[in-house]
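Down below is the structure, laid out as structure tokens.
The values are calculated or read from the model by the stated rules, or taken from the named source; none is laboratory data. Please read these numbers as outputs of a predicted model, since none were measured by experiment. For neighbour counting, all protein chains shown are included, and Cβ atoms are generated from backbone atoms with ideal geometry for every residue, glycine included. Keep in mind that these areas ignore ligands, DNA and RNA; they rest on the heavy atoms of the full protein, side chains included. Shrake-Rupley method; radii C 1.70, N 1.55, O 1.52, S 1.80 Å.
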Amino acid sequence: MSQPHSTRRAFVAASGSVATAGILAATSAKAGSPARAALSVSLDQLKSDYDVVVVGSGYGGAVMAARLAAGRSLCVLERGREWSPGTFPSALLTVLAQFRGPINPLGLFDYRAGESLDVLSGSGLGGTSLINANVVIAPDREIFNRWPASIQQDVLQGRMDAWEERVRKVLSTDQVLESDGLRKHAFHRTTTLARSRGGADTSFQPLTLAVNLRRVDQRPNEHGVAQALCTHCGDCVTGCRVGAKNTLDVNYLPMARAAGAQIFSRVEVEWLERLPDSRWRVHVVIRPDGGAAQHRHIIAASVVLAAGALGSTQILLRSRAQGLALSDALGTRFSANGDLLGLGYNTSVQTNVMGFGDGVAPAGERRVGPTITAAASYRNHPTLSQRYLIEEGAIPRALFDALRLGMPPLAGVFPTFPAAQRVARDLLYSRTDGALNHSMVYLGIGHDSAGGKVVLDSNGNARVLWPMIAQEPFVTRMRAEMERHAQTFAGRHVAPPRSGPMFGGALTTVHPLGGCPMADAADRGVVNANGQVFDPRGSSGSVYANLRVVDGSTAPTSIGVNPLLCIAALAERSAERFTS
Ligand SMILES: Cc1cc2nc3c(=O)[nH]c(=O)nc-3n(C[C@H](O)[C@H](O)[C@H](O)COP(=O)(O)OP(=O)(O)OC[C@H]3O[C@@H](n4cnc5c(N)ncnc54)[C@H](O)[C@@H]3O)c2cc1C
Ligand code: SF4
């Protein structure tokens, strides 16, 4: 099913200023995925100085670029590459080949293995939106009690609601419906109700998603970018090959481009140097297509760091090592957002959690749905630190083989014949009736102590130290509840292998936060409520007025729900308060 020429022409015409840019190369693109004009421009167009340099193109960077570009010379520098929908990896080997590292600095998945905590984020134009699960959800207002006073005021006076609403609108959110008939959604509802009847204080919450479930089919969205409808393939976290995810490259980044921003991919910022005239020298590595990496610098009147929790912290740690005076709080208050992964393995009910990647989209009730569609909410608890969500998830196609073979030894022997038969079917590669497709993926999200510390390793890369994270109360609390969910239909809870002693005992977070925490003064934080970086040499509260951090690194606490809405809403706030 290829895109009709008339639709493609209409899309290119609607793209206005982007019409002259090349259509993104899609040599191995999935047939039928929408063609898109490139947002990023050639590296030859990189100028020597700008009014504003935005570093990173995730939620913080994309919002800031969209709101600040008009009337300023502004560029976005993104270390990863620009992706077109049909080219995301969907098999184990192609996914593994996209892990970022010294020999593949343009890889899509930035996986940093630590001693007790691994961190996964995205690298590419659009940041982690490219590989996230699209859940858009507002945090409990009590989290802000430990944030700067002016943010607390904005929350009390309803301004935070307004910024969140603005973000939801740009991201075009929607929800799956009961009538979509998704089995994993129904399964999670049933087990959540069973837990509630069993005495747990929980309720089922369908989640709002940044996914094109019904809006536009193979035609340009309101930002002139062609999108297709979600096929319910379940592969959101390895990148949407269909073009249905409302990632930042289909909304905020085209807004930035339309407002005049120059967007560059393959440009990695290494560190910042303050010049005598208070401007910034931004030291970068550029990686031209097929060419050798080159070191350059760019002068900026103002810099917005939006490179994510590890990225922005890394840039500031390196800048401090080169002499920039920064708060002692740099690197502190790193939070895993109380993330805990689990699997309810081999239940008696077919759940359809297995993504189908490039395969033909199964119709009707065999569809998977977006990676996450709903949560069991435990957010009624009077104590904030004890509130959490258990979201249901899907297994991307690329991981199926590894899990169908890896799970049986980890889960142990199943005493009933049907359960053992399902395990055998998985070993024989029977996909839909096997144990894995009778399982439920769980992502727990809650509150931790934000007790991690980000430091630089000997290569100057950020790593997280948090030896006691596995002892945090959220781990035991959520694990016990995941076990009970799994047992509702005779399943067995299995923790990810990496968290067992054989594989190092590390947890994994997909929601890294902190490292550049915000506070009212430099003795407690790295940035103020607007994201401006404290200058600890001045009086309490004095800042480098033209250096900001606007991304997940500024959260001084866990957020307790999926964080993208909070990060983007705070970026809307920072953009409103931008003065130089
Ligand atoms: C698998 C997965 C699923 C998730 N699901 C959800 C979800 O459903 N809902 C939700 O709310 N959150 C989800 N998240 C988390 C969410 O996507 C992140 O919290 C959010 O993207 C963070 O936004 P950010 O602006 O802080 O940074 P990011 O979005 O991570 O963007 C940072 C950008 O900066 C770039 N960068 C880094 N260093 C440099 C440098 N030195 N120079 C230039 N560029 C640099 C990176 O390549 C990246 O593009 C998920 C995350 C993962 C990994
Ligand atoms: S379920 Fe598939 S088609 Fe739908 S948003 Fe996710 S990856 Fe895209």
Unique match (being over 28 Å from the mean Cα position of the chain (by Cα), assigned by TED's automatic domain parsing to the domain that holds residue 567, part of a loop (DSSP other than H, G, I, E, B) and away from ligand 2 (no atom under 16 Å from the Cβ)) among 331, 323: 323
Extreme residue, farthest from ligand 2 (Cβ to nearest atom), among residues of region 198-207 that are surrounded by fewer than 24 Cβ atoms within 10 Å (Cβ to Cβ) and either among the hydrophobic types (A, V, I, L, M, F, W, C) or within 23 Å of the chain's Cα centre (by Cα) (or both): 200
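For every residue, the table says whether it meets (1) of a type outside the set (Asp, Glu); (2) in a strand (DSSP E or B); (3) under 18 Å from the mean Cα position of the chain (by Cα).
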| residue | (1), (2), (3) |
| --- | --- |
| 39 | yes, no, no |
| 80 | yes, no, yes |
| 106 | yes, no, yes |
| 121 | yes, yes, yes |
Some residue of region 104-111 being surrounded by fewer than 17 Cβ atoms within 10 Å (Cβ to Cβ) and away from ligand 1 (no atom under 14 Å from the Cβ): no
Qualifying residues in region 47-95 (those that are acidic (Asp, Glu) and farther than 12 Å from residue 261 by Cβ) - the one surrounded by the most Cβ atoms within 10 Å (Cβ to Cβ): 82
Of residues in region 112-122 being crowded, with 16+ Cβ neighbours inside 10 Å and farther than 27 Å from residue 229 by Cβ, the one farthest from ligand 2 (Cβ to nearest atom): 116
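Select from region 57-78 the residues that are in a loop (DSSP other than H, G, I, E, B) and closer than 17 Å to residue 248 by Cβ and list them in ascending order. Steps first, answer last, please.
Quick first cut of region 57-78, residues in a loop (DSSP other than H, G, I, E, B) only: 57-58, 69-73, 78.
Residues satisfying the conditions are 57, 58, 69, 78.
Being more than 30 Å from residue 268 (Cα to Cα), at pLDDT 95 or above and either in contact with a Ser or Thr (Cβ under 9 Å, 6 or more places away or on another chain) or surrounded by 16 or more Cβ atoms within 10 Å (Cβ to Cβ) (or both): is that true of residue 151 here? Please lay out each step first, then the result.
Values: more than 30 Å from residue 268 (Cα to Cα): yes; at pLDDT 95 or above: yes; either in contact with a Ser or Thr (Cβ under 9 Å, 6 or more places away or on another chain) or surrounded by 16 or more Cβ atoms within 10 Å (Cβ to Cβ) (or both): yes.
For residue 151, the condition - more than 30 Å from residue 268 (Cα to Cα), at pLDDT 95 or above and either in contact with a Ser or Thr (Cβ under 9 Å, 6 or more places away or on another chain) or surrounded by 16 or more Cβ atoms within 10 Å (Cβ to Cβ) (or both) - is met.
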Any hit, region 384-402, residues being over 25 Å from the mean Cα position of the chain (by Cα) and more than 12 Å from ligand 1 (Cβ to nearest atom): no
Answer residue from region 208-252, given it is more than 14 Å from the chain's Cα centre (by Cα) and charged (D, E, K, R) and is nearest to ligand 1 (Cβ to nearest atom) among those: 235
Identity of the residue in region 208-231, touching a strand residue (DSSP E or B) at 6+ places or on another chain (Cβ under 9 Å) and charged (D, E, K, R), that ends up farthest from ligand 2 (Cβ to nearest atom): 219
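With the requirement that a residue be farther than 11 Å from residue 506 by Cα and out of contact with any Asp or Glu (no Cβ under 9 Å at 6 or more places or on another chain), what does region 461-472 give you?
Result: 461, 462, 471.
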Residues satisfying the stated conditions in region 165-219, i.e. at pLDDT below 95 and among the small types (Gly, Ala, Ser): 179, 181
Those residues of region 530-556 which are part of a loop (DSSP other than H, G, I, E, B), touching a residue at least 40 places away in the same chain (Cβ under 8 Å) and open to solvent by 10 Å² or more (accessible area, probe 1.4 Å), in sequence order: 530, 535, 536, 537, 551
Filtered residue count, region 263-296, keeping only those that are closer than 23 Å to residue 531 by Cβ and assigned to a strand (DSSP E or B): 15
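Against the definition (assigned to a loop (DSSP other than H, G, I, E, B) and not assigned by TED's automatic domain parsing to the domain that holds residue 408), how does residue 522 come out, yes or no?
Taking the combined requirement at face value, the residue satisfies it.
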Failed item in (1) out of contact with any Gly (no Cβ under 8 Å at 6 or more places or on another chain); (2) outside any loop (DSSP other than H, G, I, E, B); (3) of a type outside the set (Phe, Trp, Tyr); (4) modelled with pLDDT under 95, with residue 18 passing the rest: (1)
Subset of region 450-493 (residues that are closer than 28 Å to residue 101 by Cβ, open to solvent by 50 Å² or more (accessible area, probe 1.4 Å) and part of a strand (DSSP E or B)): 453, 456, 463, 465
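A quick yes/no check of all residues on (1) assigned to a loop (DSSP other than H, G, I, E, B); (2) over 29 Å from the mean Cα position of the chain (by Cα); (3) on the phi < 0 side of the Ramachandran plot:
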residue: 408; (1), (2), (3): no, yes, yes
residue: 413; (1), (2), (3): yes, yes, yes
residue: 418; (1), (2), (3): no, yes, yes
residue: 421; (1), (2), (3): no, yes, yes
residue: 424; (1), (2), (3): no, yes, yes
residue: 429; (1), (2), (3): yes, yes, no
residue: 433; (1), (2), (3): yes, yes, yes
residue: 442; (1), (2), (3): no, no, yes
residue: 448; (1), (2), (3): yes, no, yes
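Restricting to region 261-304, name every residue that is of a type in the set (A, V, I, L, M, F, W, C) and open to solvent by 70 Å² or more (accessible area, probe 1.4 Å). First the steps, then the outcome.
Residues of region 261-304 of a type in the set (A, V, I, L, M, F, W, C): 261, 263-264, 267, 269, 271-272, 275, 280, 282, 284-286, 292-293, 298-301, 303-304.
Within region 261-304, 292 is the sole residue that qualifies.
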